[in-house]
1. If the requirement is being touching a Leu at 6+ places or on another chain (Cβ under 9 Å), more than 10 Å from chain B (Cβ to nearest Cβ) and open to solvent by less than 30 Å² (accessible area, probe 1.4 Å), which of these qualifies: A:Leu185, A:Leu176, A:Leu155?
2. Of all residues in the range A:183-212, how many are of a type outside the set (Lys, Arg) and either assigned to a helix (DSSP H, G or I) or over 23 Å from A:Pro244 (Cα atoms) (or both)?
3. Please enumerate the residues belonging to the range A:20-29 that are at pLDDT below 90 and either more than 19 Å from the chain's Cα centre (by Cα) or open to solvent by 90 Å² or more (accessible area, probe 1.4 Å) (or both).
4. Of the residues in the range A:217-227, how many are open to solvent by less than 30 Å² (accessible area, probe 1.4 Å) and in a loop (DSSP other than H, G, I, E, B)?
5. Does A:Asp97 satisfy the criteria of being within 11 Å of another protein chain (Cβ to nearest Cβ) and on the phi < 0 side of the Ramachandran plot?
6. With within 16 Å of ligand 1 (Cβ to nearest atom) and acidic (Asp, Glu) as the only criterion, which of A:Asp179, A:Asp136, A:Asp149 stands out?
7. For the range A:92-110: of the residues being within 16 Å of ligand 2 (Cβ to nearest atom) and in contact (Cβ under 8 Å) with a residue 40 or more places away in the chain, which is most open to solvent (accessible area, probe 1.4 Å)?
Amino acid sequence: MTSMMAGNTTTQRPADATTTGAAVEIDDVAVRFRTKKKDVTALTDVSLRIEPGEFVSIVGASGCGKSTLLKLVSGLLRPSSGQVRLHGEDVRGPRRDIGYVFQRAALLDWRTARRNILLQAEIRRIPKAQARERADELIAMTGLTGFEDAYPNELSGGMQQRVALCRALLHRPPVLLMDEPFGALDALTREQMNIELRRIWRETGTTVLLVTHSIAEAVYLANRVVVMTPRPGTVAELIDVDLPAERDYGQTMSEPAFARATGRIRDLLGATTTAE
Amino acid sequence: MAAQSSTDLLERTKSAQGGAVAARRPASVGASVARFVQGMWRPFAVLVAIFVAWWAVTAANLIEPYLVPSPSRTLDVILSQSGYFAHNTWITAYETILGFAIAIVVGVVSAVVMVYSPTVEKSLYPLLLFAQVIPKIAIAPLFVVWLGFGLTPKIVVAVLMAFFPIVISTVTGLKSIDPEMLQLSATMGAGPGQTFWKIRFPASLPHLFAGLKVAATMAVTGAVVGEFVGANEGLGYVILQANGNLDTPMLFAGLLIMSLLGVVLFVLVELIEYFVLPWHASRRTDAATTSL
Ligand SMILES: Nc1ncnc2c1ncn2[C@@H]1O[C@H](COP(=O)(O)OP(=O)(O)OP(=O)(O)O)[C@@H](O)[C@H]1O
Ligand SMILES: [Mg+2]
């Protein structure tokens with residue numbers, strides 16, 4: 001709520017600002033899971049509006065409902081109450097106009113890296129030649145060249161995650177949902193992937209929702225960062241990142257705006273975790 | 001060790017890895033078979049050892065020959081009556097393979113239906129269990145009464161024996177799929193057919209093959225049990241006859257061929273698995289490294 005700390009933070013936007021044209025609209029959503037032992041409220045009072053072409057990062061403590069939020073947007077999960085809209089349409093079931101990178105790579109053991117990527121094309125019935133060309137392009141871009149024919153068990157965790165990223169990008173989705181895609185990567189590769197992702201996003205104009213545990217990654221990549229409270233998860237604060245569109249990695253890290261945003265997020269996460 | 005060579009080393013490591021990956025794919029069928037056979041020499045050696053022990057025991061006259069005939073005596077019987085054995089082996093093999101094939105089709109199909117319909121699963125499972133716990137030897141006579149003296153009752157018993165492990169393993173396999181994989185296919189807009197053929201079924205294959213290997217040996221047992229109850233041909237009949245005549249060399253010959261039949265079928269399934277699931281964990285030894 002406090003926006004005095006830094007000029008680049010805003011409180012949650014009013015939900016009634018729903019004019020048409022938003023890529024993602026989440027309206028007063030709550031999610032309760034019923035398990036045998038107890039009911040878990042994963043999310044309450046979540047409202048969020050994401051414009052087309054925005055890059056939004058989501059940070060929060062483990063178990064606060066970040067993955068749940070992405071599953072809502074993709075239609076894999078129905079909210080217990082409230083509404084989710086994608087491009088103005090109510091989300092009622094699984095949406096195929098998205099690309100999803102799961103928290104675990106979720107690769108098929110019996111397919112090579114390339115054929116895992118091409119699964120997307122096979123199921124969507126994208127013409128073979130076109131799909132192959134696109135896959136090669138993505139393989140080169142993510143530095144997987146030379147490992148196209150390796151099986152998942154022959155790839156490192158980071159490589160597996162890159163295969164999953166290629167698969168999610170193959171059909172050029174208008175909305176990309178990423179659940180800790182770089183969690184398994186070493187620091188250096190992660191940096192490179194961040195730079196790549198930023199470039200891909202700038203070139204394609206895709207709307208991106210990225211869940212991450214890295215505050216630096218969240219700020220470097222995004223226009224806005226959603227900070228969530230611990231369970232039951234809700235939006236603690238939306239932070240506008242006041243950085244130029246053209247972001248050199250090293251330079252960005254030393255910008256005052258970067259330090260302000262990361263500092264604020266750290267404060268919020270620290271405050272919320274000690275409060276529990 | 002010099003600084004300049006460090007990038008060199010990196011390059012070489014990269015190309016070596018790339019090379020390894022690239023070179024493994026076009027491995028010829030011949031090479032794969034060779035590798036498979038190579039893996040078989042140990043059990044084969046054990047088999048030879050058992051034969052040698054058998055031979056030693058009988059050669060030293062430790063046991064009366066009418067109780068345990070020597071290997072050479074047993075082989076003699078097989079060779080001198082090769083036509084007789086060939087015919088009866090063929091009969092049992094036929095019943096076994098047909099029973100096994102029917103069990104695969106019926107087993108896999110019922111497993112798929114059970115996985116997709118909890119209602120069917122709940123109503124069918126107790127029935128399956130019931131069919132499984134009934135001793136086959138006890139109901140085999142009933143099949144002879146119903147189906148006559150021909151091959152059909154033997155095939156039915158073989159099916160009954162082989163069916164259960166196949167259903168159980170396929171159900172387990174189809175259910176073992178990572179829910180996130182199913183969610184992924186949903187975001188791709190996959191229909192139920194695509195999800196089944198591209199994701200669920202292939203994922204179940206390691207379990208299915210485990211069941212098939214058990215089922216293959218069960219099918220042989222089933223066919224022989226069927227023959228015990230009432231037959232005038234087949235290896236079960238041969239053994240029963242030999243037993244009646246106290247003809248131990250003939251008995252041993254029958255047993256030998258029967259176990260060989262089971263082993264051959266088992267190895268056949270394993271060979272198919274080897275080619276269908278080259279990616280599977282059971283095929284993976286610790287990753288082999290090569291020197292640069
Ligand atoms: N299918 C489910 N059934 C029951 N409870 C669930 C289910 N999925 C999630 N939850 C619960 O909802 C809460 C939020 O889960 P979620 O996976 O969204 O967390 P997260 O923020 O993604 O955590 P992490 O950062 O560890 O991935 C957790 O408390 C979890 O136990
Ligand atoms: Mg999560």
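The values are calculated or read from the model by the stated rules, or taken from the named source; none is laboratory data. Bear in mind that the values here come from a model prediction, so they are computed numbers and not experimental data. We place every Cβ from the backbone using ideal geometry, glycine too, and count neighbours over all the protein chains shown. We work out accessible area using only protein heavy atoms, side chains counted, and drop any ligands, DNA or RNA first. Shrake-Rupley method; radii C 1.70, N 1.55, O 1.52, S 1.80 Å.
1. Values: A:Leu185 fails: touching a Leu at 6+ places or on another chain (Cβ under 9 Å); A:Leu155 fails: more than 10 Å from chain B (Cβ to nearest Cβ).
Of A:Leu185, A:Leu176, A:Leu155, the one residue that is touching a Leu at 6+ places or on another chain (Cβ under 9 Å), more than 10 Å from chain B (Cβ to nearest Cβ) and open to solvent by less than 30 Å² (accessible area, probe 1.4 Å) is A:Leu176.
2. Selection size over the range A:183-212: 18.
3. Let us first name the residues in the range A:20-29 that are at pLDDT below 90, namely A:20-23.
Within the range A:20-29, A:Thr20, A:Gly21 meet the criteria.
4. If we filter the range A:217-227 for residues that are open to solvent by less than 30 Å² (accessible area, probe 1.4 Å), which is where we start, we get A:217-222, A:224-227.
Subset that is in a loop (DSSP other than H, G, I, E, B): A:222.
Here the count works out to 1.
5. Yes.
6. Working: A:Asp136 fails: within 16 Å of ligand 1 (Cβ to nearest atom); A:Asp149 fails: within 16 Å of ligand 1 (Cβ to nearest atom).
Answer to the selection: A:Asp179.
7. So, considering only residues that are within 16 Å of ligand 2 (Cβ to nearest atom) and in contact (Cβ under 8 Å) with a residue 40 or more places away in the chain, the one most open to solvent (accessible area, probe 1.4 Å) is A:Gln103.
Every residue, every condition in (1) in a loop (DSSP other than H, G, I, E, B); (2) within 11 Å of chain B (Cβ to nearest Cβ); (3) without any contact (Cβ under 8 Å) to a residue 12 or more places away in the chain, yes or no:
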| site | (1), (2), (3) |
| --- | --- |
| A:Ile126 | yes, yes, no |
| A:Glu133 | no, no, yes |
| A:Ala140 | no, no, yes |
| A:Gly146 | yes, yes, yes |
| A:Ala150 | yes, yes, no |
| A:Arg172 | yes, no, no |
